[in-house]
1. Is the shape of the range 56-126 rounded, prolate or oblate, going by the alpha carbon gyration tensor and its root eigenvalues a ≥ b ≥ c, with a/c under 1.5 for rounded and a/b larger than b/c for prolate?
2. Apply the Karplus curve 6.51 cos²θ - 1.76 cosθ + 1.60, θ = phi - 60°, to the phi angles in the range 135-144 and return the couplings in whole Hz, x for Gly and Pro.
3. Given the pairs K101/K133; K64/K190; K62/K169; K62/K151; K39/K62, which span a C-alpha to C-alpha distance of over 25 angstrom in this model?
4. If r is the Cβ-Cβ distance from S31 to Y206 and R0 is 41 Å, what FRET efficiency results, to the nearest 0.05?
5. Counting helices only, and only those DSSP H runs with n ≥ 4, report the 222 nm mean residue ellipticity of the chain as the sum of -39,500 (n - 2.57) divided by its residues, in deg cm²/dmol to the nearest 500.
6. Based on the alpha-carbon gyration tensor of the range 142-259, what equivalent-ellipsoid semi-axes (square roots of 5 times the eigenvalues) come out, in whole Å, largest first?
7. Would you mind computing, in nm to one decimal, how far apart the modelled labels at E165 and K257 are, each placed 7 Å from Cα along Cα→Cβ?
8. Could you calculate the contour length gain from R113 to D46, that is, 0.36 nm times the residue separation minus the distance between their Cα atoms, to one decimal place in nm?
Amino acid sequence: MQILYSKSDPAGVNIARCLKSLIEKGDSSISEKDLNETKESLLYSDDLIRKIEDEFVLFASKHKSESGKPSFTVHVPGNWGKAEMGGKDREISFSNPIRMKALVMLLNERNNRLKLDMNVTMEVDHHGPLCMKPCAFVEIGSSEKEWKNEKYAQVVAEIINEFEEFAEKIEVREISVGVGGGHYCPAFNKHEIEGKIAFAHIVPNYAVDQLEYSTFTQAFERSCEEVDNVYIDWKGLKQEQRKKIIEFCNEYGMEHKRI
């Protein structure tokens, strides 16, 4: 695993500082050579990624939202439509659904145990960079107050140190793609945290109207685990959107289910 963070990102810098402290104490499974700093935004780190030969890339980053709600978030980078913040139009990155599930589950467990009162959530695939190896963003949000919080950074650093080993212990019965609902995956989070499903990619309702078949099928082809099915957030899509996704699934020969 290689970890990327941006020098211009206070949350990423804070997480990296905590990781370096764990390494110095001998309490880490990673080493300094696994940490990669860039001056640029992670959203535009394509050139740096192409030089990495490791099997998994983890982006340690800030999360920003209009609500400013304190959050830990996990997602795959990629663009279902036009690329407005890095990456390429209609291109999504590769995912490792079981490792992402491990990240979300550990964040949730630590949040509850330490009573941090953070929102722990997946996000849909969005923004850059385009990474052609399995990857994920793990983020602290949603304002400068949280980005610079030492306790939150320490939690993320500890989970980065632990999640690969934890991923080997998770019972997963289905590798799925989720479609529908809003940006924070309300219909899918509970299953990711408590269930036996690991989501490879998630398409939000606002991306479905412009979604092309060739982009949708990347959700099956850009996963290091074979995808078993598509879960459709039935109430989170309009009738015509549901019809479109079902037609795409049938054309590909992929099973779909309501959720």
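Only the coordinates and a few stated rules stand behind these numbers; no lab work does. Quick caveat, the model's predicted, so the values are computed rather than measured. Because the Cβ atoms are built from the backbone with ideal geometry, glycine has one as well, and the counts that use them run over all protein chains shown.
1. Cα axes put the range 56-126 in the oblate bin.
2. 7, 7, 9, 10, 9, 10, x, 10, 9, 4
3. Checking Cα-Cα distances, K62/K169 exceed 25 Å.
4. 0.50
5. Estimated from H runs of four or more residues: -10000 deg cm²/dmol.
6. Its equivalent ellipsoid spans semi-axes of 29, 18, 12 Å.
7. Distance between label points: 3.2 nm.
8. Details: separation 67, 0.36 × 67 = 24.12 nm, distance 3.65 nm.
Using 0.36 nm per residue and subtracting the Cα-Cα distance, I get 20.5 nm.
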